[in-house]
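Quick notes on the structure that follows.
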Amino acid sequence: MSILPSYLGLIFPGANVALALRVLRLFRVFRVLKLLRYLSDGNLLIKAMMQSSRKVFIFFFSVSLIIMVLSVVMYVVEGPNNGFTSIPKSMYWTVVTITTVGYGDITPQTPLGQGIAALTMLIGYSIIAIPTGILTAEISHEMVRTRDLRKCSNCGKKGHDNDAEYCNHCGSELEKL
């Protein structure tokens, strides 16, 4: 499957777009470097991301509202004379400022606009930590959930690590996952 685009490019001259499928060759890296043993950790991360999707969506919606409000405020304060020619252009400036990229192609010129820009930058820095905390909490909960699934058949105690071979309490061998 990964070498098919190379041969299609030789047979069909317009099939060079299919060469992008060469990315499939990267999957061989997993086999060569024996990275499949980390697949369960990847599944844990995916489950945590799925569990936190509602919270992240609500966060994204809240940030979108902040962007809209700040965009309108900057459009009203700065106006078309200072580069803020439309509300979508102001939204672009707000997104760039909140994400701390700050291209500098549009900059506020008035003191009030610069004050709003400083506030927008501070909001951007404080926003960075929120999704990280949400995802970290979900990863922690998911790890606890998976630990509680491992139960010793001898003593009945739960809470063993996924890679544990013996029970932490009685020392008997645990069932393989």
- Note on the structure: Flagged pairs (Cβ under 9 angstrom, 6 or more apart or on separate chains; first in region 149-177, in contact (Cβ under 8 Å) with a residue 40 or more places away in the chain and under 16 Å from Ser40 (Cα atoms); second of a type in the set (A, V, I, L, M, F, W, C) and part of a loop (DSSP other than H, G, I, E, B)) are Asn162/Leu177
- Take Val101 and decide whether it is surrounded by fewer than 15 Cβ atoms within 10 Å (Cβ to Cβ) and outside any loop (DSSP other than H, G, I, E, B). no
- Can you name the residue in region 121-152 that is over 28 Å from Phe57 (Cβ atoms) and either open to solvent by less than 90 Å² (accessible area, probe 1.4 Å) or among the hydrophobic types (A, V, I, L, M, F, W, C) (or both) and is also farthest from the chain's Cα centre (by Cα) among such residues? Cys152
- Within region 148-170, is there a residue that is assigned to a helix (DSSP H, G or I) and in contact with a Lys or Arg (Cβ under 9 Å, 6 or more places away or on another chain)? yes
- Query: Given the conditions (1) under 30 Å from Val73 (Cα atoms); (2) in contact (Cβ under 8 Å) with a residue 24 or more places away in the chain, and given that Leu135 satisfies all but one, which numbered condition is not satisfied?
  - Reply: (1)
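Of all residues being among the hydroxyl-bearing types (Ser, Thr, Tyr) and open to solvent by less than 70 Å² (accessible area, probe 1.4 Å) in region 40-74, which is nearest to Ala117 (Cα to Cα)? Just the residue, please.
Per the stated criteria, the residue is Ser71.
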- Task: Could you please find all residues in region 45-86 being under 26 Å from Ala137 (Cα atoms) and not in a helix (DSSP H, G or I)?
- Result: Ser52
- Query: Quick one: which of Pro108, Pro88 is free of Cβ contacts under 8 Å to residues at least 60 places away in the same chain and surrounded by fewer than 16 Cβ atoms within 10 Å (Cβ to Cβ)?
  - Reply: Pro88
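The values are calculated or read from the model by the stated rules, or taken from the named source; none is laboratory data. Small disclaimer: the values here were computed from a predicted structure and weren't measured. FYI the Cβ positions are ideal-geometry reconstructions off the backbone, even for glycines, and counts take in every protein chain you see. Just so you know, the surface numbers come from the protein's heavy atoms only, side chains and all, with ligands and any DNA or RNA stripped out. Shrake-Rupley method; radii C 1.70, N 1.55, O 1.52, S 1.80 Å.
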